[in-house]
1. Return a yes/no flag: does segment 273-287 have any residue that is of a type in the set (Lys, Arg) and in contact with a Phe, Trp or Tyr (Cβ under 6 Å, 6 or more places away or on another chain).
2. If a residue must be assigned to a strand (DSSP E or B) and under 21 Å from Trp230 (Cβ atoms), how many such residues does segment 47-84 contain?
3. Among the residues of segment 237-263, how many are outside any strand (DSSP E or B), crowded, with 17+ Cβ neighbours inside 10 Å and touching a helix residue (DSSP H, G or I) at 6+ places or on another chain (Cβ under 9 Å)?
4. Across segment 269-304, which residue is modelled with the lowest pLDDT among those that are over 19 Å from the mean Cα position of the chain (by Cα) and small (Gly, Ala, Ser)?
Amino acid sequence: MKRKPAVRQPISLPLTVGWWLGALTSVSQAGTELKWVEVPAAVRATVLANGGAAGQSVDRENGKKHGLAIYEASIKEKTGTVADLVITEDGKLVDTKHDDAGDAAAEQRAARAKLLLAGVKFSHPRNIDNPYLPLATLQQDLLEGTEDGKKIRVERTLRPAIHKHFKVAGQTVDSLCMEDRASLNGVLEEVALDYFAQDDAGTVYYLGEDVDEYDEHGKLAQHNPSEDAWLLGKQTPVPGVILPAHPKVGDQFKSEDVSDKIDERDEIVALDATTTVPAGTFDHCVKIKETLADGVVEFKFYAPGVGWCGKRQRTAMNC
């Protein structure tokens, strides 16, 4: 999720084909980068047969194998990992190389998911009644503010008719959907569908978001940008935690655990905080320190019976 003055929960879902192609064409390897039409037909066929895309870049490597020129092409596997195909000029696939660091990160997320979800049950996941985030009772919120002199307006609306299902800890979980419509100076900028679920103990999880971004004229510009959108089970095995069932000072968790660019670390720093916004003063709030992927620190306040009512860094929001 972009760190814009939106008032969605501090949680920023699926990688699209557009992102995939962009990633493929941006990879720089040793050797000479070739245009698609410059690549031997046999090599192109092997790339396409192994998950590549027509038009992507392919590198001709230095040296030869058995007297044949060597080519490398990056592809995205069905598991979601990126790999490099090593192909000789006759079209033979001689090796598939993986990003060890990326594989290690994926393994670590899988381990965190197993630990986080051990023994967790979801009997009524849409009945989100955590006292600090009672989303199920929210019908519509209007939040307004300014940033850099520009007027920001976000309409948050419960969308109970939308049912998006996720596999969580071996269970099929029907999520609760919240729609955020963000406008800047009266022009629609983004529409996001955020998906949440609550376990039987009362912890609220974030399962991802679908995002539509609009240009300066309010016309649809992009669907599910990779730097903003993600879904549990596709881009990550780990759901985000928005609020624990029984928050305690010092509790640490992640509201997003997707990639090195979509990563938000949270820590509860107070249980009886007070915050004042144009809508009024809220007491007895849970205060959460959130560190974004780029190192920026924000603080969120959750008021009992109300939900999120704080303000993001550099943003003044009405609640």
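1. Looking for residues that are of a type in the set (Lys, Arg) and in contact with a Phe, Trp or Tyr (Cβ under 6 Å, 6 or more places away or on another chain), one finds at least one in segment 273-287, hence yes.
2. Going through segment 47-84 one residue at a time, the tally reaches 5.
3. The number of residues fulfilling the criteria is 5.
4. By that ranking, first place goes to Ala279.
The values are calculated or read from the model by the stated rules, or taken from the named source; none is laboratory data. This one's a predicted model, so the numbers in the text were calculated from it and none came from an experiment. Note that we place each Cβ from the backbone using ideal geometry, even for glycine, and neighbour counts take in every protein chain shown.
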